[in-house]
Structures are given as C-alpha cells and as structure tokens.
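One structure is given below, encoded as structure tokens.
The values are calculated or read from the model by the stated rules, or taken from the named source; none is laboratory data. Given the structure is predicted, the values throughout are model-derived calculations rather than measurements. Here the Cβ positions follow ideal geometry from the backbone for every residue, glycine too, while neighbour counts run over all protein chains shown. For the accessible areas, the whole protein counts, side chains as well, though only heavy atoms, and no ligand, DNA or RNA atoms are used. Shrake-Rupley method; radii C 1.70, N 1.55, O 1.52, S 1.80 Å.
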Amino acid sequence: MSELSDAEWEASARARSRTSRQVVAEGVSSADALDVAKAHRPNIMILDLGIPGDSLERLKQLCVEFPETHCVILTACDDPKTGIAALNAGAHGYILKGVSAIELKAAIWAVFKNESSFVSPEFPARLLSAVQHKEVGSIDLGLSHRELQIIAEVENGATNRMVAEKLKISEKTVKHYMSSIMHKCGATNRVSAVMASQRVRQSGQHA
C-alpha cells in the first residue's frame with residue numbers, strides 16, 4: 001500500500017522473504033488498503049502516508065475494524081505531528097524511508113511477533129524534542145489508569161515481577177500492559193517509554 005522507489009521495493013521484498021511471510025496483495029491507494037484488509041486479513045500491512053486518499057483516516061479505520069492486522073507506516077514524512085498522529089491512530093510501526101533491508105526486516109519481525117511497536121531509531125528523539133520545544137503542544141498518550149500505575153512503577157525502577165507483586169496482577173498481564181504502553185508512546189523499549197511518559201507529563205505541567 002505504498003509508493004516506493006525501486007530500491008525501497010527491493011529492500012521491502014528482501015525483508016519479507018527473509019521472514020518467510022507471504023505477500024498476499026499490493027495496492028496503490030488508501031481504498032485498496034481497506035479492500036486488501038477485508039479480503040485477506042493480513043498479519044502485517046505496510047502503508048505509505050503518501051498514497052492517494054486520506055491515509056491517516058484510513059489507518060484509524062483499519063486499526064478499529066481489523067485489529068488483527070498490524071499496520072506499519074513506511075514513509076518519507078519525518079514531521080513529529082504526523083508521526084504522533086499515526087501512532088495514536090494505532091500504527092504498530094513508523095519507519096522512515098531509506099532504511100536497509102535488515103532494518104525493515106527487524107521492524108516487520110518485531111511487529112509480527114507482537115513484541116512491541118517499532119519506530120525508526122532516529123525518530124523518537126525528534127518526537128521528544130518536539131514536545132520539549134512545544135512544537136506539538138501537550139500530548140495525551142491515552143494511557144489507561146492501570147497503564148499509568150504501571151509506567152509509574154517502571155519509572156521508579158521496578159521490574160515486571162515487582163510491578164506484578166505490587167499491583168497484585170500476573171507478570172504476563174504486566175507484559176501485556178507494557179506492550180500497550182510502548183505502542184502508545186511510540187517506543188521500542190522500556191527506557192524510551194519512560195522517557196516519553198516523563199516528557200509528555202512535563203509538557204502538560206508547563207503548557
């Protein structure tokens with residue numbers, strides 16, 4: 001569902017082949033993306049925000065109607081506002097064009113295994129910088145009450161087991177919530193999630 005250069009298509013194809021996943025369909029518009037989701041229910045869908053149609057609105061629709069399909073954004077757009085909008089809409093990955101086949105493979109594989117969302121390594125810093133400099137204003141990550149409890153414990157250095165014991169829930173449940181928190185923060189690990197949460201909270205306090 002994207003408009004890629006020949007080199008980018010080759011990188012994408014190599015990445016998909018090395019993860020032994022089957023490409024079930026391709027398209028050139030946001031309408032095609034919805035049709036593909038309806039017809040094939042793919043595990044992963046790679047979307048380009050530059051395709052014809054309102055891609056962000058289509059992304060929201062896909063994430064609501066087909067939650068089993070994890071959408072990964074592959075785009076040239078490095079605007080923090082757009083990145084945050086895509087992640088808040090439900091994207092499981094935000095990857096800037098120009099990545100190598102190895103990087104794209106790692107992103108697709110991480111999302112497929114449902115370990116975490118994936119954001120291009122250089123992009124989280126831009127998001128945090130944008131928040132710090134008020135470029136995107138105060139951001140609501142949409143964390144639930146339980147997620148706020150968990151990220152607060154993690155900020156204090158608690159492990160998943162310690163959080164589970166403190167909140168009297170299973171460690172597996174904590175891991176589930178942490179995956180959701182990282183997704184909402186656009187983070188790829190616990191440290192990035194904590195940093196994002198702290199920056200957003202500080203932004204709200206000084207807005």
- Note on the structure: So, first residue farther than 11 Å from CYS71 by Cα in the stretch 35-54, second residue open to solvent by less than 80 Å² (accessible area, probe 1.4 Å) and of a type in the set (S, T, N, Q), Cβ within less than 6 Å, six or more apart or across chains; the pairs are LEU49/SER55; LEU49/THR75; ILE51/SER29; ILE51/SER30; PRO52/SER29; GLY53/SER29; GLY53/SER30
- Take the residues of the stretch 29-52 that are loosely packed, with under 15 Cβ neighbours inside 10 Å and at pLDDT below 85: which is farthest from ALA76 (Cα to Cα)? PRO52
- Message: One residue is enough: does the stretch 56-75 have a residue meeting the conditions open to solvent by 60 Å² or more (accessible area, probe 1.4 Å), farther than 25 Å from SER180 by Cβ and either of a type outside the set (Asp, Glu) or without any contact (Cβ under 8 Å) to a residue 60 or more places away in the chain (or both)?
- Response: no
- Query: In the stretch 154-171, which residues are farther than 14 Å from VAL194 by Cβ and not aliphatic (A, V, I, L, M)?
  - Reply: ARG161, GLU165, LYS166, LYS168, SER170, GLU171
- Which of (1) among the acidic types (Asp, Glu); (2) in a helix (DSSP H, G or I); (3) modelled with pLDDT of 80 or more is the odd one out, the single condition GLU68 does not satisfy? (2)
- Item | Those residues of the stretch 28-61 which are assigned to a loop (DSSP other than H, G, I, E, B) and within 21 Å of VAL111 (Cα to Cα), in sequence order | ARG41, PRO42, ASN43, ASP48, LEU49
- Taking the condition modelled with pLDDT of 80 or more and assigned to a loop (DSSP other than H, G, I, E, B), does ILE169 pass? yes
